[in-house]
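For reference, the structure is listed below as structure tokens.
The values are calculated or read from the model by the stated rules, or taken from the named source; none is laboratory data. Predicted model, so just to flag it, every value in this text is computed and none were measured. With ideal geometry, Cβ positions are generated from the backbone for all residues, glycine too; neighbour counts draw on all protein chains shown.
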Amino acid sequence: MKILKNLLKSPMFVTGLVLFLATIILALIGPYVHTITMERVGPQYAPPAAQYLLGTDDLGRDYVSLLIRGLRSSLYVGFLAGIIATTVGTLLGIYGGFKGGWIDDLINMITNLFIVIPSFVILILISSSLKDGRSLTLIGLIIGMTTWTWSARAVRAQSAALKSKDHISLAKINGDGTLAVIVKHILPYLASYVFMVFILQVASGILSEAAISMIGLGPLDTVSLGTILNQAKNNGALGDGVWWAFIPSTVIITVIVFALYLINTSAEGAFNPRLRK
Amino acid sequence: MLKQYPTLRYILQRGGWYFLTFLVAVTINFFLPRLGANNPVDIIMGKSASGLSAENARIKEESYLKEFGLVKVDKGEIVRNAEGKPVKASGLEQFANYIKMCFKGDLGTSFQKYPKKVLDVIAEAVPWTIALQLPTILFGWIIGNVLGALAAYRRGVFDRVFFPVALLISSFPFFVFGMLLVYYFAVVLNWFPAMGGYAQEIIPSFSFEFLRSAAYYYVLPFFSIFLILAGGQAIGMRSMGIYELGTDYIKYAKWLGLKESKIIAYLFRNAMLPQLTGLALSLGTMISGALITEMIFSYPGLGMAILTAIQNNDYPMIQGCTLLITISVLIANFTVDILIGFLDPRVKAGLQIGKGN
């Protein structure tokens with residue numbers, strides 16, 4: 001609780017939190033405030049006007065509707081990938097770091113292998129081989145399964161450092177099993193750390209989805225912020241100066257990621273007193 | 001073994017490790033695209049077979065099948081069964097064939113630019129990518145770290161302005177920043193060209209005119225990668241620097257009344273090592289991000305080659321590019337590892353007592 005109080009005193013954290021909550025609220029209540037329609041409502045690339053506030057896309061669809069849809073997709077992918085990457089990474093990292101031995105060596109080896117093979121490459125390879133049935137959920141799953149490595153490495157380092165602490169030895173002498181020690185005595189220490197890893201993983205999930213969609217390998221079943229950008233690029237909106245085709249979605253992506261980075265950086269300051277002034 | 005040459009041992013050890021990683025990467029590169037049930041030959045035939053007679057279509061299909069190692073080949077001829085149909089190669093045979101071709105440096109033939117070899121297409125693109133990415137990553141790293149160390153040391157107004165700006169810039173996704181730069185500087189202001197690597201009417205050569213044109217087209221892509229990179233590095237360096245500032249050796253140096261520049265030099269040296277490790281870890285992301293920047297600018301490098309390949313279902317091309325990207329990330333990581341081995345006193349000490357790692 002003291003940490004939370006400290007955090008709320010940091011203007012950076014508050015800014016980040018407010019921005020991030022704003023995007024979530026927009027995604028949640030957007031469909032109730034604005035009628036979402038994927039139908040043609042105006043001419044191709046009509047500039048912003050009263051009936052379509054942010055103009056229309058190449059198919060004459062309303063950009064406000066597309067952006068709300070896209071925002072929901074991006075947040076969904078971010079959370080899905082973030083939860084998978086953080087859970088898998090944390091479990092493997094804690095277990096390996098705490099247990100040591102051959103299990104640790106094996107986990108370590110896999111982590112080290114996959115940490116240097118760019119996950120973007122794996123994403124391209126899988127997505128390009130799945131011509132149909134490339135859904136948003138599937139992309140989120142793939143992103144989560146390719147990015148857990150660095151949460152595993154980060155958490156492992158922390159849990160290995162905790163291993164030799166006195167209170168752990170004490171718990172072991174008391175006869176606590178591995179699972180009990182991990183849940184009762186290691187996880188609480190790592191909670192703040194895992195939280196930061198999670199925030200970063202959500203951000204990287206949103207970015208990865210946008211990047212893969214941007215190059216034309218995005219979800220086929222829905223609109224995401226990345227697919228909006230991909231369309232804009234394919235139709236030459238950038239060179240034609242049709243700013244409403246790409247500025248709003250780029251701004252939304254940047255705001256989400258910036259907000260998450262602010263939260264992460266300020267949390268780092270709160271957890272590591274030296275960074276505070 | 002090799003106890004008396006700890007450095008060589010370290011290099012060999014790391015090299016062996018990266019070779020193993022390379023093998024895994026090659027395996028992934030082979031099996032992942034085959035996860036989907038799609039047979040690449042069916043897809044390409046669906047597109048290109050229309051308008052061909054049945055006989056021509058069959059010949060074409062067989063040549064594709066052979067090209068991709070999907071059928072058994074003996075002495076350059078397709079092995080046929082009793083009915084004259086080609087015999088399908090098993091997954092394992094395909095894999096063995098693929099590995100053999102990889103080590104021969106043959107990445108197959110491009111679908112889209114048939115009969116051009118994948119390697120030739122890549123060879124045309126790679127110089128552009130290297131010319132764009134190598135200087136950007138190096139300069140971005142150096143300048144970002146210097147600024148970050150300064151911000152950590154000075155704090156105050158400089159830091160209060162610099163830090164949020166760096167944070168904002170570094171949270172721009174690569175492609176977003178590239179798009180905004182194109183829109184503002186190329187479309188609105190019309191200062192720089194929006195796409196391409198050189199003016200269309202010039203034929204690439206080492207003439208002054210071509211180099212001038214290439215330099216002009218270089219500006220926007222360079223800055224769109226450089227600023228984000230430098231911002232990210234500066235933030236990392238700043239927090240490392242602040243951490244180091246609290247350590248005893250810096251306090252001692254301050255008590256001794258050493259010159260500020262000297263203290264910053266010490267600070268930089270020690271905070272730089274984790275930054276180098278960080279560089280190794282984020283190289284993959286950086287290179288992928290920079291590839292997307294190339295796509296935004298239609299820069300004639302690898303990124304553009306991948307984009308074109310994806311749009312045309314050019315599987316051999318996609319796989320060739322991904323393999324090459326992985327290899328270059330591995331080589332870059334290996335280089336950084338070796339550098340750390342020479343720069344980090346802890347690794348060096350570990351080497352001298354012969355503990356390796």
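Taken over the stretch A:163-214, the criterion of being among the aliphatic types (A, V, I, L, M) and without any contact (Cβ under 8 Å) to a residue 60 or more places away in the chain is satisfied by A:Ile168, A:Leu170, A:Ala171, A:Ile173, A:Leu179, A:Ala180, A:Val183, A:Ala191, A:Leu207, A:Met214.
Does any residue of the stretch A:68-77 turn out to be of a type in the set (D, E, K, R) and in a helix (DSSP H, G or I)? Explain how you work it out, then say what you get.
So the first thing to find is which residues in the stretch A:68-77 are of a type in the set (D, E, K, R), and the list is A:69, A:72.
Within this subset, residues satisfying the condition of being in a helix (DSSP H, G or I) are A:69, A:72.
Checked the stretch A:68-77: at least one residue is of a type in the set (D, E, K, R) and in a helix (DSSP H, G or I).
Does B:Ile235 qualify as being touching a Ser or Thr at 6+ places or on another chain (Cβ under 9 Å) and aliphatic (A, V, I, L, M)? Please lay out each step first, then the result.
Details: touching a Ser or Thr at 6+ places or on another chain (Cβ under 9 Å): yes; aliphatic (A, V, I, L, M): yes.
For B:Ile235, the condition - touching a Ser or Thr at 6+ places or on another chain (Cβ under 9 Å) and aliphatic (A, V, I, L, M) - is met.
For the stretch B:3-31, the tally of residues that are aliphatic (A, V, I, L, M), surrounded by 14 or more Cβ atoms within 10 Å (Cβ to Cβ) and under 19 Å from the mean Cα position of the chain (by Cα) stands at 4. Put simply, of B:Phe163, B:Phe177, B:Phe172 the only residue that is in contact (Cβ under 8 Å) with a residue 24 or more places away in the chain, over 30 Å from B:Tyr243 (Cα atoms) and within 14 Å of another protein chain (Cβ to nearest Cβ) is B:Phe177.
Filtering the stretch A:1-42 down to residues that are polar (S, T, N, Q) and assigned to a loop (DSSP other than H, G, I, E, B), which residue is farthest from A:Gly269 (Cα to Cα)? Among those residues, the one meeting the criterion is A:Thr37. Highlighted here are the helices (runs of 4 or more DSSP H) found entirely within the stretch B:292-357 that include at least 3 residues which are modelled with pLDDT under 80 and away from every other protein chain (no Cβ under 12 Å): B:315-343, B:345-352. Just to be sure, is A:Ile143 more than 9 Å from chain B (Cβ to nearest Cβ) and either crowded, with 17+ Cβ neighbours inside 10 Å or touching a helix residue (DSSP H, G or I) at 6+ places or on another chain (Cβ under 8 Å) (or both)? Yes; evaluated as a whole, the condition is true for this residue.
For the stretch A:17-42, which residues satisfy the criterion of being of a type in the set (Phe, Trp, Tyr) and in contact (Cβ under 8 Å) with a residue 24 or more places away in the chain? If you could, list the steps in order and put the result at the bottom.
Filtering the stretch A:17-42 for residues of a type in the set (Phe, Trp, Tyr) gives A:20, A:32.
The answer is A:Phe20, and nothing else.
Looking only at the stretch A:151-160, filter to residues that are buried (at least 22 other Cβ atoms within 10 Å of the Cβ) and not β-branched (Val, Ile, Thr); which one of those is farthest from the other protein chains (Cβ to nearest Cβ)?
Within the stretch A:151-160, the first condition is being buried (at least 22 other Cβ atoms within 10 Å of the Cβ), and the residues that meet it are A:151-152, A:155-156, A:159.
Applying the additional criterion that residues be not β-branched (Val, Ile, Thr) yields A:151-152, A:156, A:159.
On the way: A:Ser151: 12, A:Ala152: 13, A:Arg156: 14, A:Ser159: 19 Å.
So, considering only residues that are buried (at least 22 other Cβ atoms within 10 Å of the Cβ) and not β-branched (Val, Ile, Thr), the one farthest from the other protein chains (Cβ to nearest Cβ) is A:Ser159.
Yes or no: the stretch B:285-301 includes at least one residue that is touching a helix residue (DSSP H, G or I) at 6+ places or on another chain (Cβ under 8 Å), surrounded by fewer than 22 Cβ atoms within 10 Å (Cβ to Cβ), within 19 Å of B:Gly148 (Cβ to Cβ) and free of Cβ contacts under 8 Å to residues at least 60 places away in the same chain. Yes, the stretch B:285-301 has at least one match.
Considering every residue within the stretch B:228-240, establish whether at least one is away from every other protein chain (no Cβ under 14 Å), at pLDDT 80 or above and either within 25 Å of B:Tyr183 (Cα to Cα) or not in a helix (DSSP H, G or I) (or both). Lay out the reasoning, then the answer.
As a first pass, look at the stretch B:228-240 and keep what is away from every other protein chain (no Cβ under 14 Å): B:229-230, B:233.
This time we only want the ones that are at pLDDT 80 or above, so: B:229-230, B:233.
This time we only want the ones that are either within 25 Å of B:Tyr183 (Cα to Cα) or not in a helix (DSSP H, G or I) (or both), so: B:229-230.
Scanning the stretch B:228-240 turns up at least one residue that is away from every other protein chain (no Cβ under 14 Å), at pLDDT 80 or above and either within 25 Å of B:Tyr183 (Cα to Cα) or not in a helix (DSSP H, G or I) (or both).
Could you tell me whether the stretch A:232-244 includes any residue that is crowded, with 16+ Cβ neighbours inside 10 Å, closer than 24 Å to B:Ala166 by Cα and within 14 Å of another protein chain (Cβ to nearest Cβ)? Even if it seems obvious, please write down each step before you answer.
If we filter the stretch A:232-244 for residues that are crowded, with 16+ Cβ neighbours inside 10 Å, which is where we start, we get A:232-233, A:235, A:237-238, A:242-244.
Within this subset, residues satisfying the condition of being closer than 24 Å to B:Ala166 by Cα are none.
The answer is no; no qualifying residue exists.
Kindly list, by first and then second residue, each pair from a residue in the stretch A:111-127 that is more than 7 Å from every other protein chain (Cβ to nearest Cβ) to a residue that is buried (at least 22 other Cβ atoms within 10 Å of the Cβ) and among the small types (Gly, Ala, Ser), limited to pairs with Cβ atoms under 7 Å and residues at least 6 apart or on different chains. Going by the 7 Å Cβ cut-off, the qualifying pairs are A:Thr111/A:Ala152; A:Leu123/A:Ser208. I'd like the residue in the stretch B:235-259 that is surrounded by 20 or more Cβ atoms within 10 Å (Cβ to Cβ) and β-branched (Val, Ile, Thr) and, out of all such residues, is farthest from B:Val146 (Cα to Cα). Here the residue is B:Ile242.
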